[in-house]
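The values are calculated or read from the model by the stated rules, or taken from the named source; none is laboratory data. Owing to the predicted nature of the structure, the values given are computational and were not obtained by experimental measurement. Every residue, glycine as well, gets a Cβ built from its backbone with ideal geometry; the counts of neighbours run over all protein chains shown.
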Amino acid sequence: MSLDDETTMIRETVAKFVDRELIPLEPAYLRSKLPGSGHPELSDAQRERLRTVSKDLGLWGLDAPEDLGGHDLPTRTMAAVHEELGRTCVPFILPPDSPNLRMLQAVGTEAQKRKYMQPYIEGRMVSAIAISEPGAGGDPAAMKTRAVLEGDQWVLNGRKIWITNARRADFIIVMARVGNDARQGGITSFIVEKGTPGFIIEREIPMLGGEATYEIVFEDCRIPQDSVLGEVGKGYAPMQLRLRTRRLEMGSTCIGIARRALDMLCEHARQRETFGVKLADRQAIQWWVADISTRIHACRLMVQHAADKTDRGEDVRQEASMIKVFATEMAYEACDHAMQTLGALGMTLEIPLNALSQKARLMRMYEGPSEVHRQSIARRVLGLRG
Ligand SMILES: Cc1cc2nc3c(=O)[nH]c(=O)nc-3n(C[C@H](O)[C@H](O)[C@H](O)COP(=O)(O)OP(=O)(O)OC[C@H]3O[C@@H](n4cnc5c(N)ncnc54)[C@H](O)[C@@H]3O)c2cc1C
């Protein structure tokens, strides 16, 4: 089967899963996000059904290595998967979540792969990554969390913030500084397991769209010497690999968000009449349709190009930054135009546009704010160092 045939086949399977299983859950999901609803996003039964159906459809371990039970699909095919999943506001990740998988795969020891990767691929473990600190977010190289080797244990001390999944995670990849090297030198990644003494989840922080992140503290947190992921002092590059994986993924997710916004905009514009004329016949609306469609097309080509380069083992740092900026801003703008076209209906919390818009808004911040990526893009073009 050619790459394009395989990609089309997987895309269709995921699209059906989204249309049949996830989109029907949207009304209940949106109600769960209303203040004081007291309901979980998804009930245990709904989550279990999604897991069972997606597993039966063969949608687990899509980009995991074959020797660990995965399908080892290329990045281009994974882009199609994430695009389809992006069309719904219902949060569901097909196990395993790829970015941390990539980091484990790239630098994990055989023992770490056996202990963490296998159950992670099989959907039995959840992970998180802790990079950001109160004084180091967009500039992670300013991090202060320290790790000191005492006998055969590392001792972690420091504070991390905005950490997604910290409470649910079975293990957290923690970035910390070893030694006295400034900036990127000395940054090392460690695996810290849930429940390790000295690993404290200090508070849950409510975020836009009813999401939450966590502030966590390491207070003389002792972990085994072999908890280092990769080499001591060389954690920055694998961390960037992990971030790049997520940034490409975000590009596809944003295409999915923009497609859904465009569908809702067009459906409404075709039937809504104002001043005796269909909205679809108004130039203002048509330009939005044209611009969103053009940007979706451009973004898909950008993602496919970067995906192919990734699969050839080429460097996509510049492309990943460009995609991160372009895709997140495109999706946010597409939602805004769709919300405006739908009038007061677009302002309600009963349809998924607001939730999709907030998802895109959050994505303009995490994995690096747009301004930091624009700076990185420009510095490479200008040939500036650092
Ligand atoms: C929903 C969500 C989930 C997150 N999940 C995680 C997680 O799981 N793990 C984790 O480690 N972190 C996570 N983060 C943190 C995220 O990566 C940081 O918030 C982000 O990198 C920005 O860091 P900061 O908040 O410290 O902002 P700052 O670095 O303080 O930047 C603030 C603003 O200043 C401006 N700015 C900064 N630098 C420049 C520059 N060079 N040029 C121009 N303008 C600039 C930008 O407008 C930027 O938005 C998450 C954040 C969010 C919102």
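When you scan segment 142-151, do you find a residue that is surrounded by fewer than 18 Cβ atoms within 10 Å (Cβ to Cβ), among the β-branched types (Val, Ile, Thr) and not assigned by TED's automatic domain parsing to the domain that holds Ile93, even just one? Yes, segment 142-151 contains at least one residue that is surrounded by fewer than 18 Cβ atoms within 10 Å (Cβ to Cβ), among the β-branched types (Val, Ile, Thr) and not assigned by TED's automatic domain parsing to the domain that holds Ile93. Within segment 221-251, the residues that satisfy the criterion of being touching a residue at least 24 places away in the same chain (Cβ under 8 Å), of a type in the set (A, V, I, L, M) and closer than 22 Å to Met365 by Cα are Met239, Leu241, Leu243, Leu248, Met250. When we screen Asp291, Asp281, Asp311 for residues that are of a type outside the set (Val, Ile, Thr), in contact with a helix residue (DSSP H, G or I) (Cβ under 9 Å, 6 or more places away or on another chain) and modelled with pLDDT under 95, the only hit is Asp311.
Figure legend. Inter-residue proximity from segment 203-220: first residues more than 13 Å from the ligand (Cβ to nearest atom), second residues among the small types (Gly, Ala, Ser), beta-carbon distance below 7 Å, spacing 6+ or different chains. Indicated pairs: Phe218/Gly158; Phe218/Gly198; Glu219/Gly198; Asp220/Gly198. In this structure, is Asp336 touching a residue at least 40 places away in the same chain (Cβ under 8 Å) and not aromatic (Phe, Trp, Tyr)? When the stated conditions are applied, Asp336 does not pass them. Going by the conditions given, is Leu101 in a helix (DSSP H, G or I) and hydrophobic (A, V, I, L, M, F, W, C)? Yes; evaluated as a whole, the condition is true for this residue.
Here is a yes/no grid of residues against (1) within 12 Å of the ligand (Cβ to nearest atom); (2) under 21 Å from Asp181 (Cα atoms); (3) among the charged types (D, E, K, R):
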{"position": "Pro119", "(1), (2), (3)": "no, no, no"}
{"position": "Ala130", "(1), (2), (3)": "yes, yes, no"}
{"position": "Pro134", "(1), (2), (3)": "yes, yes, no"}
{"position": "Ala142", "(1), (2), (3)": "yes, yes, no"}
{"position": "Leu149", "(1), (2), (3)": "no, yes, no"}
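Can you pull out every residue in segment 275-309 that is under 17 Å from Leu262 (Cα atoms) and surrounded by fewer than 13 Cβ atoms within 10 Å (Cβ to Cβ)? Asp281, Gln283, Ala284, Trp287, Ala290, Thr294, His297 - these are the residues of segment 275-309 that are under 17 Å from Leu262 (Cα atoms) and surrounded by fewer than 13 Cβ atoms within 10 Å (Cβ to Cβ). Of everything listed in (1) within 24 Å of Met125 (Cα to Cα); (2) at pLDDT 95 or above; (3) surrounded by 12 or more Cβ atoms within 10 Å (Cβ to Cβ), the single unmet condition for Ala80 is (1).
Take Leu356 and tell me if it is out of contact with any Asp or Glu (no Cβ under 9 Å at 6 or more places or on another chain) and either surrounded by fewer than 17 Cβ atoms within 10 Å (Cβ to Cβ) or in a helix (DSSP H, G or I) (or both). In short, yes. Among the residues of segment 87-103, those that are modelled with pLDDT of 90 or more and within 16 Å of the ligand (Cβ to nearest atom) comprise Cys89, Pro91, Ile93.
Please verify whether segment 179-188 includes one or more residues that are assigned by TED's automatic domain parsing to the domain that holds Ile223, of a type in the set (D, E, K, R) and at pLDDT below 95. The answer is yes; a qualifying residue exists.
Counting only residues that are farther than 16 Å from Gly195 by Cα and of a type in the set (Val, Ile, Thr), segment 113-162 holds 5 of them.
Checked across segment 308-329, the condition of being hydrophobic (A, V, I, L, M, F, W, C) and under 30 Å from Arg270 (Cα atoms) holds for at least one residue.
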